[in-house]
1. What are the residues in segment 159-177 that are farther than 27 Å from Val24 by Cβ, among the aliphatic types (A, V, I, L, M) and away from the ligand (no atom under 12 Å from the Cβ), if any?
2. Which one of these does Ser55 not meet: (1) crowded, with 21+ Cβ neighbours inside 10 Å; (2) touching a helix residue (DSSP H, G or I) at 6+ places or on another chain (Cβ under 8 Å)?
3. Over 30 Å from Met216 (Cβ atoms), among the small types (Gly, Ala, Ser) and in a loop (DSSP other than H, G, I, E, B): is that true of Ala58 in this structure?
4. Residue by residue through segment 98-134, note down the ones that are within 18 Å of the chain's Cα centre (by Cα), away from the ligand (no atom under 16 Å from the Cβ) and more than 19 Å from Leu4 (Cβ to Cβ).
5. Which of the residues spanning segment 223-241 are under 20 Å from the mean Cα position of the chain (by Cα) and touching a residue at least 40 places away in the same chain (Cβ under 8 Å)?
6. Which pairs turn up if I take residues in segment 6-33 that are at pLDDT 95 or above and look for partners that are aromatic (Phe, Trp, Tyr) with beta carbon separation below 6 Å, at least 6 apart in sequence or on another chain?
7. State all residues of segment 178-211 that are within 13 Å of the ligand (Cβ to nearest atom), in a helix (DSSP H, G or I) and among the aliphatic types (A, V, I, L, M); if no residue qualifies, say none.
8. Mind listing whichever residues of segment 190-203 are closer than 19 Å to Ile169 by Cβ and either at pLDDT below 95 or loosely packed, with under 13 Cβ neighbours inside 10 Å (or both)?
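The values are calculated or read from the model by the stated rules, or taken from the named source; none is laboratory data. Given the structure is predicted, the values throughout are model-derived calculations rather than measurements. Backbone-built Cβ (ideal geometry, glycine too); neighbour counts: all protein chains shown.
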Amino acid sequence: MKVLLVFAHPEPRSLNGALRDVAVKELQAQGHEVRVSDLYADGWKSEIDRADFPSLAADARLMPVAASRNAFGTDTLTDDVKAEIEKLLWADVLILQFPLWWFSMPAILKGWVDRVFAFGFAYGVGEHSDKRWGDRYGEGTLVGKRAMLIVTAGGWEAHYASRGVNGPIDDLLFPINHGILYYPGYDVLPPFVTYSVDRLDEAGFEPVAESLRARMRTLETTPPIPYRRQNGGDYHIPSMQLRPELGEAVAAGFALHVQDETAAG
Ligand code: FAD
């Protein structure tokens, strides 16, 4: 398989840097082709601004959605963004790797998503009408490909459990896993999360590395998170409300959008 790892840490000698090297080495040992986008090393520009749309007239009001749509449609996105889109189309698997910063991804990685996931590419795809709300959540440009997160967190695992004070990790990562990755079509694998990392020592590193190697060996076979497909019949169109007879076991929250056992299949 072809794997793109997007890496967001400013220090190559960091724990994240060491885990990236472990992942890349194991993937290559398995015969996969790997490319890495190292955002800090590459000096990735993280904010959307006028410079992203060179074809926009100097006196024109910048409307980011319209500008993105036009630039993607006319192939006038900037070269750095085009290169990342080309890598996403090349890769069978996308891995986003980052330290959890303020319960989310570092700004540079959010900026990669903001700029690379262009209108017509990652959103605004497919028919939008009272019968369909586009190709998204299980359909879209990146359908058939897999994605997963590699995340390190300073907090304890218990603090991210279902009753933990930080909130469940699956909820915290839902905007990324569901909103960013599932949205344009990826099958999203369960994340690889390492907790309490600020206390990690050399002895603690090897078991983490070995678990990561195991996840890299099963990239092709790990079942994805069974998110509900938008156009699979579970949602009323166009309100996009989950049908009332579904999700009774959870009642509310992000977990509604994961098939429950009775509905899975
Ligand atoms: P590093 O600091 O590089 O290393 C961590 C430890 O691993 C060190 O003790 C290092 O010696 C050790 N280590 C062991 N083996 C190796 C090896 N082979 N190579 C390198 N190091 C090794 N945490 C949360 O849980 N929730 C948050 O919301 C959150 N917000 C944050 C916001 C900010 C702005 C910052 C700076 C931190 C935040 N944290 C949070 C903590 C953060 O998630 C961790 O600091 C981060 O995940 C650690 O990853 P790192 O790669 O920077 O580790």
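1. Ala161
2. (1)
3. For Ala58, the condition - over 30 Å from Met216 (Cβ atoms), among the small types (Gly, Ala, Ser) and in a loop (DSSP other than H, G, I, E, B) - is met.
4. Correct list: Phe119, Gly120, Tyr123, Gly124, Val125.
5. Pro224, Ile225, Tyr227, Arg228, Arg229, Gln230
6. Short answer, once both residue conditions are applied: Ala8/Phe98; Pro10/Tyr40; Arg20/Phe7.
7. Matches in segment 178-211: Val197, Ala203, Val208, Ala209.
8. If the condition is that a residue be closer than 19 Å to Ile169 by Cβ and either at pLDDT below 95 or loosely packed, with under 13 Cβ neighbours inside 10 Å (or both), then Asp198, Arg199 are the ones that fit.
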